[in-house]
Amino acid sequence: MQDNKPAMLRASLTVTLFAAVALLSGCGGGGGGGSSAPAPAPTPPPAATLPASNTLAQQCAPTNPLAAAANRTASLDQEKRWLRSYIDEAYLWYREVPTVDAASPAFSNTSNVPASMDAYFKALLTPALTSSGKRKDQFSFTFPTAEWNALSQSGTAAGFGVEWVLGSSTPPRNIRIAYVDPNTPAAANNLARGVTLVSVNGVSADDGTQAGVATLNNALFSPTLNTNYTFVLNNGTGTVTVQMTAQQVTKRPVLVSQVLDAPGGGKVGYIVFNDHITPAEGQLVTAFQQMAQAGVNDLVLDLRYNGGGFLYIASQVGYMIAGATRTSNKVFERLQFNDKRVADNNDSNNRLPFFSATSGFANSGTTANTPLPTLNLARVFVLTGSSSCSASESIINALQGVDVQVIRIGRTTCGKPFGFTAKDNCGISYFPIEFQGVNDKGFGEFADGFTPTCVVADDLSRALGNPAEGMLAAALSYRSTGSCPQAAVATVQSATKPSLDLVLRPPVRENKYR
């Protein structure tokens, strides 16, 4: 029998540098390889030599600014001891942890405890490579707990309300606006999808110096609250200069929800869903109610910019698409932990059902245990990009696991079948990969991502929801003809330098959380 109310644990992390994620070759935090090669890492110390992490928890360094003052009674060494024990207990690949000297100067700067702990954390991750030569673990991270709570629970983060997308890892980088959240500084300045970044605070968007990259990193990833930034932008008709002050802005997870009169008859629902965060629940319920009341025959779910988030929300989306009959007694996602965690692997709570009712969590905009609306669809069109990750991929995988036809339009997804449960210690939340998710049929091997049914480039020249926008137009065409529109395919194939279409965001918004 399905649980009606999802259980949820909160989480947190460290912001990935713009230089590391966005400017280097490849997909940064959004990639994935094939099957894993044997790990070359040394065998870790026997578990018996490591104390239980709970005996070391919340014993913090006096100079750790993120820790509660009452807990700053220990040392940086004690925080590292806790982390080493926790990795041994929780990490999916704990057997592949390399031998690391915790006393190394790289991990021992007491004047910057968060950076020291982040460096030590990264050093403990498996060095094993996938068959394609990529790091098997590209995804584990840390983040300040308070910042994660603000984003995940209320949808707020420091910024301007702009989501940037990277066209190339090398100059010209072609950094453009993917979308703008409403009621933000960017919206107030009439910034819109497709506008190109020329410079920020006098630094070119193509600057490759360390100082220049630091400026871009700050402005695009983690702007300083109440600080003014000067952006020079090209809107297609010329350059404009815009000054914006970084504010605590609120993300709108469901950016667009509308019903279209489809070519050839019928009604098609279209939803742009960008973040699996708590406020998304109420917005999604409203959107699906609109679709159900309109009697839509098909749905286009736009996940091209959705990096993931809470699995319970992904499960609710799957239920609202497929309905009660197709999902009854089916698993949305089963979580597989390391072999030490026998109880977790056998725990029925780690077999997530298709949740059929609202959670009622604070900031969700819902009342607990209200039945969710459903469309009862046997197929769905999903728009995907290289930044469609984790919980977004879980929606695709879970629906295919209950035989809903998922027609994917766009680009190959990022490939993250893994997830985390955030663990806070001394004001830092740690996210070592803890589990791999599989669907009702036991499938979860999509580290190379889900390839599209129709390869279509992101069309930044048109607004999201415009029926002529490339990906949406391709979905509507496929619905009418049953095949990929050749014009859209040809556009991608003729590109001499295909666009990465990589969203510039910290990894906290590109993962899935239990």
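Key figures
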| read-out | value |
| --- | --- |
| Pick from segment 420-439, criterion closer than 17 Å to Pro353 by Cα and surrounded by 24 or more Cβ atoms within 10 Å (Cβ to Cβ), ranking: modelled with the lowest pLDDT | Phe435 |
| Test: residue in segment 255-267 that is part of a strand (DSSP E or B), open to solvent by 10 Å² or more (accessible area, probe 1.4 Å), without any contact (Cβ under 8 Å) to a residue 60 or more places away in the chain and closer than 25 Å to Ser386 by Cα | yes |
| Residue in segment 394-408 that is outside any loop (DSSP other than H, G, I, E, B), within 30 Å of Ala150 (Cβ to Cβ), of a type outside the set (Val, Ile, Thr) and at pLDDT below 95 present | no |
| Extreme residue, nearest to Phe361 (Cα to Cα), among residues of segment 289-344 that are open to solvent by 30 Å² or more (accessible area, probe 1.4 Å), in a helix (DSSP H, G or I) and of a type outside the set (A, V, I, L, M) | Gln289 |
| Test: residue in segment 378-388 that is modelled with pLDDT under 95, among the polar types (S, T, N, Q), under 29 Å from Thr156 (Cα atoms) and more than 19 Å from the chain's Cα centre (by Cα) | no |
| Candidate set: segment 222-234, residues that are modelled with pLDDT of 95 or more and within 18 Å of Ser204 (Cα to Cα); chosen: the one most open to solvent (accessible area, probe 1.4 Å) | Asn228 |
| Considering residues of segment 110-120 that are in contact (Cβ under 8 Å) with a residue 24 or more places away in the chain and assigned to a loop (DSSP other than H, G, I, E, B) only, the residue surrounded by the most Cβ atoms within 10 Å (Cβ to Cβ) | Thr110 |
| Every residue from segment 440-459 that is assigned to a loop (DSSP other than H, G, I, E, B), of a type outside the set (Phe, Trp, Tyr) and open to solvent by less than 10 Å² (accessible area, probe 1.4 Å) | Gly444, Val456 |
| Condition broken by Thr412, with the remaining ones in (1) open to solvent by 10 Å² or more (accessible area, probe 1.4 Å); (2) in a helix (DSSP H, G or I); (3) of a type in the set (Ser, Thr, Tyr) satisfied | (2) |
| Tally, over segment 61-101, of residues that are assigned to a helix (DSSP H, G or I) and among the β-branched types (Val, Ile, Thr) | 1 |
| Segment 348-360: number of residues that are modelled with pLDDT under 95 and open to solvent by less than 60 Å² (accessible area, probe 1.4 Å) | 1 |
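A quick yes/no check of all residues on (1) open to solvent by less than 20 Å² (accessible area, probe 1.4 Å); (2) over 15 Å from Phe431 (Cα atoms); (3) at pLDDT below 95; (4) under 20 Å from the mean Cα position of the chain (by Cα):
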| position | (1), (2), (3), (4) |
| --- | --- |
| Pro105 | no, yes, no, no |
| Lys122 | no, no, no, yes |
| Thr130 | yes, yes, yes, no |
| Arg135 | no, yes, yes, yes |
| Ala146 | no, no, yes, yes |
| Leu151 | yes, yes, yes, yes |
| Gly155 | yes, yes, yes, yes |
| Thr170 | no, yes, yes, no |
| Arg173 | yes, yes, yes, no |
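The values are calculated or read from the model by the stated rules, or taken from the named source; none is laboratory data. All values reported here derive from a predicted model rather than from experimental measurement. Backbone-built Cβ (ideal geometry, glycine too); neighbour counts: all protein chains shown. All accessible areas refer to the heavy atoms of the entire protein, side chains included, with ligands and DNA or RNA removed. Shrake-Rupley method; radii C 1.70, N 1.55, O 1.52, S 1.80 Å.
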